[in-house]
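S.K.: Just passing along the structure, written as C-alpha cells.
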Amino acid sequence: MSATRHSARSIGVLAASLAIALLPAAPAAAASSVGVGSHSTTADVTLATEHYPITLSEMKIATGYDYVPAGPVTFDVTNVGAETHEVVFIKTDAAPGALPIDPTNKSRVLETGSAGETGDVDAGKTVSVTLNLAPGRYQLICNQPGHYAAGMYTELTVATFFPITLADPMKMELPATTIPAGPVVVEAQNTGAVMHEAVFIKTTQAANALPLDPNDPTKINESLSVGEVGDIDAGRFSGNEIDLTPGTYVVVCDEPGHYAAGMWAVLIVQ
Ligand SMILES: [Cu+2]
C-alpha cells in the first residue's frame, strides 16, 4: 500500500492531531494519575491517556477524527439517540459495511477481531472505555439487531505517531529507532534553513551504501520508497500516512547531495 492512497485525507487528520496535541493535557493526566501517596514504588507513574469522544444516534456513529494513536486511548461514548446503542471496536481489513453476517443471528454481524466494546449505552448516557489498541484498520460498529445493516458503523485507523525533525546541518532526527508495523502518521518538522524531506526506503543494504539514481548521482534511487513526506520548505511542517511492513528502513532526505552528506537514519519496523 502506498502513501498516496491516504494522502488526500492526511492533511486534515494531521491538523486534527496537532490540535489535540495543543490542547491542555493537564485534566486528562490528573484524572488518571496512579500511584500517588503511600504507594511509593510507583509514585511518579502517570498514565495520561487521551480522551476521544464518540457520538451515537440513529443510525450513526460519529467520531470527527480518522486516527487515534496506538496504545491506551479512552473513548467517551455518548448516546444522543432514542434507542440503546453500543460500540464494538473490530480490527479488520474488510471494506466498510462488509463485515460477515452472524449465521446464527442474521440481524447482527460477527465480531471477529473485536478489541473491546462499550456494552449497551442507553439513550442519554455516556460510557467511557479505555482500550489498548494495536496499529491497524478498525471498524467501529453498533451490533444491536439490525443497526449495522442500517449503516451504523464508521472507520478508524490506529496509527503510530512518528514526529521527525529535519534539521541543519543534515540531521534526520527520529523519535524512535524501532516501531511496530502498521499505519504510521509521519509528522515532519523542518527546523533548518533549506528545504528537506523524508523518504522511507525499505532495504537490506547498508544504510550508507544505498544505490544512487542513475540519472542524478546527487540523489538515491527511490524505487524502493514506500512513502515520503516530500519537499518541506525551511521552517515548515508537513506530514503523511505511510503503511510500514516489518523490515529495515532508511529514512533519507533526498534533496540533492543531502544523503551523501549524511542526512539519513535507520528505522527498524517489527
Ligand atoms: Cu535535507
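S.K.: Using a ≥ b ≥ c from the Cα gyration tensor of the range 168-269 (square roots of the eigenvalues), is it rounded, prolate or oblate, where a/c under 1.5 gives rounded and otherwise the larger of a/b and b/c decides, a/b for prolate?
M.R.: It comes out oblate by the Cα gyration axes.
S.K.: Looking only at the range 48-158, where both bridge partners belong to it, what percent of the DSSP beta bridges are antiparallel (to the nearest 5)?
M.R.: Of those bridges, close to 75 percent are antiparallel.
S.K.: Subtracting the Cα-Cα distance from 0.36 nm times the residue separation, let me have the gained length for Thr130 to Ala181 in nm, one decimal.
M.R.: Roughly 16.2 nm would be gained on extension.
S.K.: Here's another thing I want to ask about it. As a test of understanding, state the convex hull volume per residue of the range 48-158 from its alpha carbons, in Å³.
M.R.: Cα-based convex hull of the range 48-158, divided per residue, equals 84 Å³.
S.K.: Excluding residues fewer than 8 places away in the same chain, name every one of the lysines whose C-alpha is closer than 22 Å to that of Lys219.
M.R.: The reachable lysines, counting only those whose Cα sits under 22 Å from Lys219, are Lys171, Lys202.
S.K.: Here is a further query. Taking the Cα atoms of the range 122-195 alone, what are Rg (to one decimal) and Dmax (as a whole number) in Å?
M.R.: Here Rg and the maximum Cα pair distance are 19.5, 60 Å.
S.K.: Extending each Cα 7 Å along its Cβ direction at Thr204 and Asp76, get the distance between those two points in nm, one decimal.
M.R.: Placing both labels 7 Å along Cα→Cβ, they lie 5.0 nm apart.
S.K.: Pop the C-beta distance of Asp122 and Ala98 into the FRET formula with R0 = 30 Å and round what comes out to the nearest 0.05.
M.R.: 0.55
Values quoted throughout were computed directly from the atomic coordinates according to the rules given, and no laboratory measurement underlies them. What you see is a predicted model; the values in this text were computed from it and never measured. Counting neighbours? That spans all protein chains shown, and the Cβs are built from the backbone with ideal geometry, glycine included.
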